[in-house]
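Chemist: First the structure, which I've put down as structure tokens, then a few questions once you've had a look.
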């Protein structure tokens, strides 16, 4: 019998959330209290609970397993691409359509200014509520999403704008319509276009980096991951269902898949990890955005010192070197 485990971030973080709710209630009672002595007692009690909460938070995040990091990457309040775009850039103009008659809302993109420098930003976008999630197809792009990305990559190349990609998807859309319209070809074409770019490119996995849906916009000169993001060829639940016919063994699959940023860096899949604030990005999105912006600017500064053709050749060689294999005799 598989052990019990939290299936969502909300379940996993429930004890901490309940403690925070109690602190908020105490502070609200203190605010409404007219008696100075009682108000002071309530504030002192809230302060003691806050100390306990901070210690509990540090303990939780100091002992994270791979599955817990998957849950954090999926947190409902975790910043999405549009949140980061608004926080780190200005003048963003979203462009839509693949110029072939289709529109996809799981991938967003357009030109923006990063510290006054024109850049092209492309990213996956999830939704906060059921209506937004349906509109965004839960962040799972269809072929037209990747063809839109190709159009934006070509525009960036034409106007010499660096490309910044924000990756956050469980996978590409697996539906019949996507298959009939060539989802595999669209992803492959997007990857090829990124390999051909002569402008600098930076990709950051900000949440879930799922399968081909992620790599379709992640073939960049510098590939970074936020500290609690995950990157995997398949979701842990899908892996467990295929291997053991037991989705409840997802925590075991997450550990075997080595989905974390630390594992990805160890195996050379990414080039760096972006630190998140205590309690992860969803608890302090402003600090998370500041760290993200600094990492992107540092990467662009480094890439600006490399010639276009040298940069292109290095990008190709980097991805060719990934993976470990043995020759059977």
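The values are calculated or read from the model by the stated rules, or taken from the named source; none is laboratory data. Everything numeric here is computed off the predicted structure, so don't read it as measured data. Quick reminder, even Gly has a Cβ in these numbers, built from the backbone with ideal geometry, and neighbours come from all protein chains shown.
Chemist: Looking at 259, 233 in this structure, which one is crowded, with 19+ Cβ neighbours inside 10 Å and either in contact with a strand residue (DSSP E or B) (Cβ under 8 Å, 6 or more places away or on another chain) or over 19 Å from residue 63 (Cα atoms) (or both)?
Modeler: Of 259, 233, the one residue that is crowded, with 19+ Cβ neighbours inside 10 Å and either in contact with a strand residue (DSSP E or B) (Cβ under 8 Å, 6 or more places away or on another chain) or over 19 Å from residue 63 (Cα atoms) (or both) is 259.
Chemist: So which residues in the stretch 166-209 are in contact with a strand residue (DSSP E or B) (Cβ under 8 Å, 6 or more places away or on another chain), within 30 Å of residue 117 (Cβ to Cβ) and in a loop (DSSP other than H, G, I, E, B)?
Modeler: Those that are in contact with a strand residue (DSSP E or B) (Cβ under 8 Å, 6 or more places away or on another chain), within 30 Å of residue 117 (Cβ to Cβ) and in a loop (DSSP other than H, G, I, E, B): 197, 199, 200.
Chemist: Moving to a separate point now. Quick check on this structure: which one of 110, 91, 116, 127 is more than 21 Å from residue 288 (Cα to Cα), in the same structural domain as residue 282 (by TED's automatic domain parsing) and free of Cβ contacts under 8 Å to residues at least 60 places away in the same chain? Write out each step before concluding.
Modeler: Values: 91 fails: more than 21 Å from residue 288 (Cα to Cα); 116 fails: more than 21 Å from residue 288 (Cα to Cα); 127 fails: more than 21 Å from residue 288 (Cα to Cα).
Only one candidate passes the filter, namely 110.
Chemist: Can you name every residue in the stretch 91-113 that is assigned to a strand (DSSP E or B) and surrounded by fewer than 21 Cβ atoms within 10 Å (Cβ to Cβ)? Lay out the reasoning, then the answer.
Modeler: We begin by selecting, within the stretch 91-113, every residue assigned to a strand (DSSP E or B); these are 107-113.
Scanning the stretch 91-113 gives 110, 111, 113.
Chemist: Another question, if that's okay. Can you find a residue that is within 24 Å of residue 251 (Cα to Cα) and either assigned to a loop (DSSP other than H, G, I, E, B) or in contact with a strand residue (DSSP E or B) (Cβ under 8 Å, 6 or more places away or on another chain) (or both) anywhere in the stretch 13-30?
Modeler: The answer is yes, given that some residue of the stretch 13-30 is within 24 Å of residue 251 (Cα to Cα) and either assigned to a loop (DSSP other than H, G, I, E, B) or in contact with a strand residue (DSSP E or B) (Cβ under 8 Å, 6 or more places away or on another chain) (or both).
Chemist: Looking at the structure I just gave you, is residue 292 touching a residue at least 12 places away in the same chain (Cβ under 8 Å), out of contact with any helix residue (DSSP H, G or I) (no Cβ under 8 Å at 6 or more places or on another chain) and either surrounded by 18 or more Cβ atoms within 10 Å (Cβ to Cβ) or within 26 Å of residue 260 (Cβ to Cβ) (or both)?
Modeler: Details: touching a residue at least 12 places away in the same chain (Cβ under 8 Å): yes; out of contact with any helix residue (DSSP H, G or I) (no Cβ under 8 Å at 6 or more places or on another chain): no; either surrounded by 18 or more Cβ atoms within 10 Å (Cβ to Cβ) or within 26 Å of residue 260 (Cβ to Cβ) (or both): yes.
Answer is no for this residue.
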